[in-house]
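To start, the structure itself, in structure tokens.
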Amino acid sequence: MKKVAILLALVIFLGAGIGAVANLKDNFAVTYNAQEVGTDAAALAKDYEQYESDKNPDEKAENERNLPENPDGIASIIVTTNLSETEAINDVAPIVFDYRGYDTMGESFILLTAIAGSFIILKNMKGREEEAEDE
Amino acid sequence: MTNFFANIDWLTILNGFCILGIIAGGILTASMKKPLSCVLALGGCGAFVALEFILLHAPDVAIAEASVGCVLSTILFVIALRKATKEEEK
Amino acid sequence: MNNGNKMKVRHVIVKCGADMYLPFAIVFGLAVILFGTVSPGGGFQGGVIASSAAILIYLGYGFKTLKQAINPHLMHKGEAFGAIAYIALASIGLIAGGNFVRNAIWNNGDPGKVISAGTITYMSWAVGFKVLTGVAFLLMLLISLLGDNQDEM
């Protein structure tokens, strides 16, 4: 029963992987496209002082004061494209579960590994204590 | 100097209060003699850090800090301390 | 001491405090998990808040009652189930032709509702269930080190 379940899961994952490769061959899915928003993330990362100094100082001061209305920089990518891409109105949830889903997976598996390891060690320790009390 | 005092509002005072609480919690954690007092001071420091996160408009991090750093780690430290003191008494 | 069925209650103040905060902890933690996509919070924070119910039961009633109330082996299996659920929900994006954790069925419902953001909502619930059961199991494991006959808190 267990072997059949493991085999079935492996077949499903293998099939999903083959299907994904066949899909990705034609159109590679990007998570976000920064240049459509208006902020050139590549130019911003290359030389941010030059990118900031291109702007009008009045507009820059206004942007710094009212950040949520007209955000610029890396934050604007998430704030402006978040609702159209994921429909989650809380901005942090798509970052944790969509844009950085691998991070969340590793974080939760760290917890699983830690609990399994402490379970094994502490179980042995408790058994040894009882043995010592018997002696 | 007058300009500095003219710009002070209640948010600045609250920020300064939180930062002073964090610093005081850290110093108390390092300088207390009893281990239980150190653990409780660490919990107080975590509570002030959570308040400061709320003032900086990050409620997600504030909830995580208040639940993990202020409650769970304090409970785990207290359990470890009880276990250690009981083995010392034996 | 000899009658094992009777609940051991030492301090009435601690018991009343545990009784008072137990419903708030469970309901607030579950609410933070359920409304993870529309309000601050999420799976991890809500799970940790809800799993503090285990420590409240221990403070009020002792370890025997905690072991009667919460089955530790069920908690351990529930954590593995949460991990498998997260992987399965994340691989929906693979089947739909995107990245591994891509949001596949994102256009269901209106933005602002609880079930609106596709797989993000379900992944948040899976992580919340995993953290709830995992941290509750970890707390029970650490409390059991203190010994069954020493619950004079």
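No value in this document is a laboratory result; all are computed from the given coordinates. Every value quoted in this text rests on a predicted model; they were computed, and no experiment measured them. Don't worry about glycine lacking a Cβ; one is built from the backbone with ideal geometry, like all the others, and counts go over all protein chains shown.
Need at least 2 residues that are in contact with an Asp or Glu (Cβ under 9 Å, 6 or more places away or on another chain) per element, so show me which helices (runs of 4 or more DSSP H) inside chain B make the cut, counting only ones lying wholly within it.
Working: elements: B:2-6, B:10-31, B:35-55, B:59-64, B:73-89.
Result: B:10-31, B:35-55.
Return yes or no: is residue C:113 under 30 Å from residue C:58 (Cα atoms) and either charged (D, E, K, R) or more than 22 Å from the chain's Cα centre (by Cα) (or both)?
On the way: under 30 Å from residue C:58 (Cα atoms): no; either charged (D, E, K, R) or more than 22 Å from the chain's Cα centre (by Cα) (or both): yes.
It is false that residue C:113 is under 30 Å from residue C:58 (Cα atoms) and either charged (D, E, K, R) or more than 22 Å from the chain's Cα centre (by Cα) (or both).
Could you grab me the full set of residues in segment C:93-118 that are in contact (Cβ under 8 Å) with a residue 24 or more places away in the chain and either within 8 Å of chain A (Cβ to nearest Cβ) or over 18 Å from residue A:106 (Cα atoms) (or both)? Steps first, please.
Here is the first cut: in segment C:93-118, the ones in contact (Cβ under 8 Å) with a residue 24 or more places away in the chain are C:93, C:112-114, C:116-117.
The answer is C:112, C:113, C:114, C:116, C:117.
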